[in-house]
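Chemist: The structure is given below, and queries will be raised subsequently.
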Amino acid sequence: MVTLFKKILTKFLVNIMKKLSKILLFVIIIFSFNSPCLANPFSNFMSLFQRDLVINVLYKNHKKLIQNSEVYFAEDPKGQKILIGKVKEISLNKLQMSNVEIIIDKKHKKDIYETTAFVLMSGLFSENSNAYIVAISSKGSSNKINLKSGSSVTGVTFLEYKIVTAGEELKKIMNSIKQENNELLNQLEQYIDSFNAEAFQKKMDDLVDQLSEFSVEQKEVFKNDVLPSLRKTFDSMMDKLNEQNNMEKSKDLEKQLMEIEDLVDV
């Protein structure tokens, strides 16, 4: 009797498992047809069980942020953005900093990394009188570690963000100037080796035109990193011109060097 009961129970459980598997397969198929990501329908099904991303963002002052203030995602604070979450709660920590707890929708949590900047847009810089937060895309960063729920990060104001990014852009510009000027010096050395004074002078005329459009920061870089080497190349060309007793060309080059020095005298 016990054996018969076990057989009936086993058969019943097997039938239940088969029905559940069919239901599961049906749900996966439905997701595959209703999602742009057809290649991986199972991932869409599993997303049902994912939770929203909840993190704490610290600010010195939360300005006009309030509960339910919007959280957006964008490549630039003033550019096109999409709504990804909201402010859940605001409190003060032991250091009297504003602890802003935000909720980011689960479908956007994959775009939030440890390097993501959370920029506070106050009424002064926002498009309307309401303050909001913009999570800035980390496309250029090599750190692609996703931020986890419960994490605490330090947010920045719009002005703080612009200062940092301006510094990064300036650094890129300065590096570019150094590279261009290194190429310039190499070319001048070739003119010296071939004793092509005309090409050397023409290159200096081009350089004067370029320097006249430099910013103060660019001129400072040129003065410190390029001018000392440039003087040496001038001396080398002047020596060759003196050997040829070409005083007229020597005077022209001296004037060019003085003009360059005056342009970068900042």
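The values are calculated or read from the model by the stated rules, or taken from the named source; none is laboratory data. From a predicted model like this one, the values you see are computed outputs, not experimental measurements. Cβ sites come from the backbone with ideal geometry, for glycine too, and all protein chains shown count toward neighbours.
Chemist: Identify all residues within segment 86-102 that are part of a loop (DSSP other than H, G, I, E, B) and surrounded by 13 or more Cβ atoms within 10 Å (Cβ to Cβ); write none if there are none.
Modeler: Passing the criteria: only 97.
Chemist: Now, a different point. Within segment 223-266, how many residues are closer than 18 Å to residue 194 by Cα and part of a helix (DSSP H, G or I)?
Modeler: 16
Every residue, every condition in (1) modelled with pLDDT of 90 or more; (2) touching an Asp or Glu at 6+ places or on another chain (Cβ under 9 Å); (3) more than 30 Å from residue 223 (Cα to Cα), yes or no:
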{"position": "101", "(1), (2), (3)": "yes, yes, yes"}
{"position": "150", "(1), (2), (3)": "yes, no, yes"}
{"position": "155", "(1), (2), (3)": "yes, no, yes"}
{"position": "173", "(1), (2), (3)": "no, yes, no"}
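Chemist: Still on this structure, I have one more. Against the definition (over 13 Å from residue 71 (Cβ atoms), assigned by TED's automatic domain parsing to the domain that holds residue 70 and at pLDDT below 95), how does residue 159 come out, yes or no?
Modeler: no
Chemist: What pairs come out if I take residues in segment 226-240 that are on the phi < 0 side of the Ramachandran plot and pair them with residues that are modelled with pLDDT under 80 and crowded, with 16+ Cβ neighbours inside 10 Å whose C-beta lies under 6 Å away, six or more apart or interchain?
Modeler: 226/181; 233/188; 236/192; 237/192
Chemist: Here is a further query. Applying the selection to segment 55-82, what residues are small (Gly, Ala, Ser) and part of a loop (DSSP other than H, G, I, E, B)?
Modeler: Correct list: 69, 79.
Chemist: While we're looking at this one, here's another question. Evaluate the following for residue 143: is it surrounded by fewer than 16 Cβ atoms within 10 Å (Cβ to Cβ) and either modelled with pLDDT of 80 or more or of a type in the set (A, V, I, L, M, F, W, C) (or both)?
Modeler: No, not satisfied.
Chemist: Can you confirm whether segment 232-242 contains a residue that is aromatic (Phe, Trp, Tyr), in the same structural domain as residue 186 (by TED's automatic domain parsing) and modelled with pLDDT under 80?
Modeler: No, there is no match, as no residue in segment 232-242 is aromatic (Phe, Trp, Tyr), in the same structural domain as residue 186 (by TED's automatic domain parsing) and modelled with pLDDT under 80.
Chemist: Shifting gears a bit: Looking for whichever is in contact with a Gly (Cβ under 7 Å, 6 or more places away or on another chain), of a type outside the set (Val, Ile, Thr) and surrounded by fewer than 18 Cβ atoms within 10 Å (Cβ to Cβ) here; the options are 58, 83. Which one fits?
Modeler: Sole residue among the options that is in contact with a Gly (Cβ under 7 Å, 6 or more places away or on another chain), of a type outside the set (Val, Ile, Thr) and surrounded by fewer than 18 Cβ atoms within 10 Å (Cβ to Cβ): 58.
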